[in-house]
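Every number in this text was worked out from the coordinates using simple rules, so none of it is lab data. Predicted model only: the values in this text are computed from it and were never measured. Positions of Cβ are generated from backbone atoms using ideal geometry, with glycine treated the same way; all protein chains shown enter the neighbour counts.
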Amino acid sequence: MSAIAIDTDLSTVQPRVLDVSHYYSPAETFDGIRVSPYKPVLGARVEGLRLKKGQALPDTTVAYLRRKLLDRGFLYFEPGTVDVDGFVDLVQLFGEARFYGGPYTPPPEGHKLLNTIDSKIKKTNMNFIWHVDGGYYPDPPKMTALFATAVPEYGGDTLFSNAVAAYDLLDPLFAQYLETLTAVHSGDTVGHLPLSYHADPEGLAAQRAKYPPRDTPVIRVHPETGRKQVFVNESYTFAIRGVTRAVSQNLLNILFDLIKSPELHARVSWEQGAVVIWDNRSVQHCGVNDYSGGGRRALYRATLY
Ligand SMILES: O=C(O)CCC(=O)C(=O)O
Ligand SMILES: [Fe+2]
C-alpha cells in the first residue's frame, strides 16, 4: 500500500476572516465623556454623560457623538445618562423623532413620539428575526433608539450586526457580482404586516397599499459614510430579481448567514435605564427570545429621520 503524499500546506487553505484591525478604535475622552469600543467591530460605550430634560450640550460635543455613532454603528449610554424625558431630548440630537408604533407597539403614556416593545403587550415574534426597522418602507428610519424601562431577571438581550463589516467578509469577485443585483423587500416576507394587523383587515390593506414591494441594490453605498454594505435582511427581503428562485434563495441565505457571524456582533444585555441608539442603515438587529417567564421586558423606542 503506498502512502498518500501530502504536498499541500494546509495553513494556506484556511477560510478568510475579517481584518478586525480596520475597526480598531481606541478609548478616548471628549468633553468629560468617555467613549470606548462596545465590541471590537461594532458599537461604542458612552460613560460620564448626564443629560437632564431641556439641557443643551455644546455643539462640538453633539458633533462628536454624531460622528462616533456613524463610525461605530451604535452608541450605548450607561444607565443614569437620561430619564425618559431626557431620552426624547437625547435621541433628537441625532435626528427628527417620528412616531413608528403599530398595533402591538403603542406609545407609552405621555410620550407621543415614542412606542413600546413590551412583553405584556407584544405578542408577535417578528423582532426575533434579523432586520432593519422599516426595511420595506421607501424611507426607513435613519436611526433607532431604545430605552430600557423594565428588564427581565435573565435574558432578553438585543443583538446587533455590522453590515459594513459583512461586506468586508465577502470575497471580492463574489462581491462584484452581488453589486450587479437588485433585491425586493416586503412587509409580507415573514408575515410582519399580516401578523401585526391580523385583527384589523382594513389597516392591513392600508399598510399594503402604502408600502408596496420596494427594490434596492443587494449591496449599497451608505449615504453618509460612503462605505459599502450588505443591504438585504431576513425579515423583509423577499427575493433577488432576475435570477432563478434557487439562486435567489441560496444567495440570500449566504448573506443572511453572513449577518449572523459572531465577529460582526455586539450583544447588549439590558440594564434598566440604559439607552442604545443605532444607525439603522448599516446595522441590523434582533431581539433574543429567551426571557419568557423571567419577568416583564419593556423597551421604549424612538425612530429618527
Ligand atoms: O426586542 C428586541 O430586542 C428588538 C427590538 C427591535 O426590533 C426594535 O427595537 O426595533
Ligand atoms: Fe427592530
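For residue 253, neighbours were defined as the other residues whose beta-carbon sits under 11 Å from its Cβ, and their charges (Lys and Arg +1, Asp and Glu -1) total -1.
Percent of Cα pairs in the chain per distance bin of 10 Å, from zero to the largest separation: 6, 26, 33, 23, 8, 3, 1, 0, 0. Given H placed 1.01 Å from N in the peptide plane, which residues other than close sequence neighbours of residue 129 have an amide H under 5 Å from its amide H? Answer set, sorted by chain and number: 287. Per-residue ellipticity at 222 nm, computed for the chain from helices alone with -39500 (n - 2.57) per DSSP H run of at least four residues, works out to -6000 deg cm²/dmol. Rounded to the nearest whole Hz, the Karplus-based 3J(HN,Hα) values (6.51 cos²θ - 1.76 cosθ + 1.60, θ = phi - 60°) of segment 129-140 follow the sequence 10, 4, 6, 10, 5, x, x, 9, 7, x, 9, x, with x at glycine and proline. Think of segment 163-259 as a dipole: +1 on every Lys or Arg Cβ, -1 on every Asp or Glu Cβ, centred on the Cα centre; then among 254, 226, 194, 226 lies furthest on the positive end.
Highest GNM mean-square fluctuation among 72, 267, 34, for the chain modelled with Cα contacts below 10 Å: 34. Our Cα-only numbers for segment 15-80 put the radius of gyration and Dmax at 13.5, 52 Å. Size descriptor for segment 1-115, Kirkwood hydrodynamic radius: 17.6 Å (Cα pairs only, one decimal).
In the frame of its principal axes, segment 105-203 has Cα extents of 51, 38, 23 Å, reported largest first. Rounded to the nearest 10 degrees, the angle from helix 59-72 to the longest Cα principal axis of the chain is 30 degrees.
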